[in-house]
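The values are calculated or read from the model by the stated rules, or taken from the named source; none is laboratory data. Because the structure is a prediction, the values reported are computed rather than measured. Here the Cβ positions follow ideal geometry from the backbone for every residue, glycine too, while neighbour counts run over all protein chains shown. Heavy atoms of the whole protein, side chains included, go into the accessibility calculation; ligands, DNA and RNA do not. Shrake-Rupley method; radii C 1.70, N 1.55, O 1.52, S 1.80 Å.
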Amino acid sequence: MLPGYTEELTKPSTDVAEPPGGESPAPEQLSQRAVQAQVASVTRAAKAQAGSGGVLQVVHGAKRVGWAAYELQAGATHLVQGVAKPPYAQTGTLDSLESRKLAEGVRYQVLYDRSALARPPQLDITTKLVAMGEQARVIHVAPTKLIMVDNEIALLPLTVTETSVESAVVVRSSAMLAAIARIFEDLWRYAAPFTANQDLDGNELRPTEEERWILSLLASGATDDTIGRLMGFSARTAHRRVRELISRLGVETRFQAGMQAVKLGWL
């Protein structure tokens, strides 16, 4: 889940809670005590309902951001929502954590940027996580990476390089968090459901000219009767053709089909 937050996520010393599968840090990396202190402050921010900690907290350093992402998800009790997009690094630690949280009954809703699934390992991993219960959808271009836990706290990147998230902001319960949650809900509503055999490039199975006309009418809100009348079909044939296109696009509703066709450059 959200592998871009795992850049240089390495094994802590024995006095720090250890996520599985890490490795001993190099000498030049941040001291584990510094990482532990940062993670502890993030955890306190996640649980605090009052006090002087404030609504926002900035986490500096790729390693600290990785630990913050791990700790926030580890503390989830019922829901983790996220947006996955580059930059990417290791994925194993957070993927193992997600599988354990899913087994505990925590729901995962993950929006994947199309480029996220263009990496064959991530496509395979996501397919396995979906089989375990992850709810996954795909969006053409995601606006930002995101982790949001239990509708109480979120983690978003502030500064990013090609390979890592160098700093991130923790947002606790506030009007800002409510706005972030609303944006996620809107993106989720219009995203296409994930399927393992998704056409990630949008080039395969491109529509015929006739199908483009049907999709254009669909995107404009035309009913099956209207589509049939304008295309010279019966309403029954129009309904069948529309359902075939919806299935082919890997979506569930007529509106999603129109949106997905636009995203894929079919219209």
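Note on residue 78 and residue 208: the extension gain reaches 42.3 nm, defined as 0.36 nm multiplied by sequence separation minus the Cα-Cα distance. Descending by average beta-carbon neighbour count within 10 Å, the peptides 98-107, 248-257 line up as 248-257, 98-107, the highest first.
The figure for residue 176 is an accessible area of roughly 100 square angstrom, using a 1.4 Å probe on the protein chains alone.
Keeping the other protein chains in place, figure out the carbon and sulfur percent of the accessible area of segment 205-267, with a 1.4 Å probe. Roughly 55 percent of what the probe reaches on segment 205-267 is carbon or sulfur. Spin-label model, residue 151 to residue 173: label points 7 Å out along the Cα-to-beta-carbon direction sit 1.1 nm apart.
Computed with a 1.4 Å probe on the full set of protein chains, the accessible area for residue 125 sits at about 40 Å². Note on segment 148-267: percent of Cα-Cα distances in each 10 Å bin, starting at 0 and stopping at the bin with the largest distance, equals 12, 31, 24, 19, 11, 3. The stretch between residue 161 and residue 216, if pulled fully straight at 0.36 nm per residue, gains 15.9 nm over its current Cα-Cα span. Simple spin-label estimate for residue 183 and residue 107 gives 2.2 nm between the two label positions (7 Å along the Cα-to-Cβ direction from each Cα). If the chain linking residue 226 and residue 247 were pulled fully straight, counting 0.36 nm for each residue of separation and taking away their Cα-Cα distance, it would gain 5.5 nm. Once the whole set of protein chains is in place, how much accessible area is left on residue 124, using a 1.4 Å probe, in Å² to the nearest 10? Probe radius 1.4 Å; accessible area of residue 124 about 90 Å².
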